[in-house]
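Accompanying notes for the structure given below.
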Amino acid sequence: MFVTIIRTLMLYAAITLAVRIMGKRQLSDMQPSELVVTLIIADIAAIPMEDNSISVVSGMIPMMVLVACEIIVSILMMKSTTFRKLACGNPVMLIKDGKLLQDKMRSLRMTTEDLCVQLRQSGVFSLEDVQYCIAETNGRLSVLQKPSKRNPSAEDMNITIEDNGIEVVVINDGKFLDASIELAQSTKDELNKILQKNNATVEKVFIMTFDRDKNYNIIEKE
């Protein structure tokens, strides 16, 4: 039992490292080649986990080979547009100038229900509101609404909005986050002074957010 646990932890670490090396994103953002490699790695790792007669190294070697192949494929896709088209395909226009292109939907084997579901997930609840809709190579839809249905921007309304930078979490569950503090252009000393002003300590803070204009929000632990 102990040996099985150790083997499983080793393979888990190897899979995590492999995914980190490939720089993978969310499953829904993966290109076809990336998804295939990820699924195969998971299957390969399961074999030595279940069969103690197979060495852990024997399971790691094919995983590393697949990672190397995926890195090479990624580089080739960056260098060659033709290779990228072969590996990932091309984006497909589904709605153009408000007109639904039925032949394109048939080529993707996409039903109107599938289209409407993805439009709703993009915040669009009517086909009549769409000017352009493109099916990207990762399966997601890029949607541009008709001008009359788009939310006006500050520029459209001649409004100047103050730029406060990015609001980031600088304290999480009682601990400072150094990278976030640097992003907010602050220091631990400055944050400690703010905490003292609010009769709080780092250990008692669940979340503290901060931006470069010194705006902050403190939520203490319950």
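Test residue 206 against the stated conditions and say whether it is in contact with a Phe, Trp or Tyr (Cβ under 7 Å, 6 or more places away or on another chain), in contact (Cβ under 8 Å) with a residue 24 or more places away in the chain and either of a type in the set (S, T, N, Q) or surrounded by 12 or more Cβ atoms within 10 Å (Cβ to Cβ) (or both). So residue 206 does not fit the description; no.
What helices (runs of 4 or more DSSP H) completely inside segment 109-214 contain at least 2 residues that are outside the structural domain of residue 99 (by TED's automatic domain parsing) and more than 22 Å from the chain's Cα centre (by Cα)?
Ranges flagged: 178-183, 188-197.
Residues in segment 143-173 that are surrounded by 13 or more Cβ atoms within 10 Å (Cβ to Cβ) and within 17 Å of residue 122 (Cβ to Cβ): 5 in all.
Among residues of segment 63-92 being assigned to a loop (DSSP other than H, G, I, E, B) and touching a residue at least 24 places away in the same chain (Cβ under 8 Å), the one that is surrounded by the most Cβ atoms within 10 Å (Cβ to Cβ) is 89. Of the residues screened, residue 95 is one that is surrounded by 14 or more Cβ atoms within 10 Å (Cβ to Cβ) and either assigned by TED's automatic domain parsing to the domain that holds residue 17 or out of contact with any Lys or Arg (no Cβ under 8 Å at 6 or more places or on another chain) (or both). For residue 84, the test of being within 22 Å of the chain's Cα centre (by Cα) and basic (Lys, Arg) is passed.
The values are calculated or read from the model by the stated rules, or taken from the named source; none is laboratory data. Source: prediction; values computed, not measured. Cβ sites come from the backbone with ideal geometry, for glycine too, and all protein chains shown count toward neighbours.
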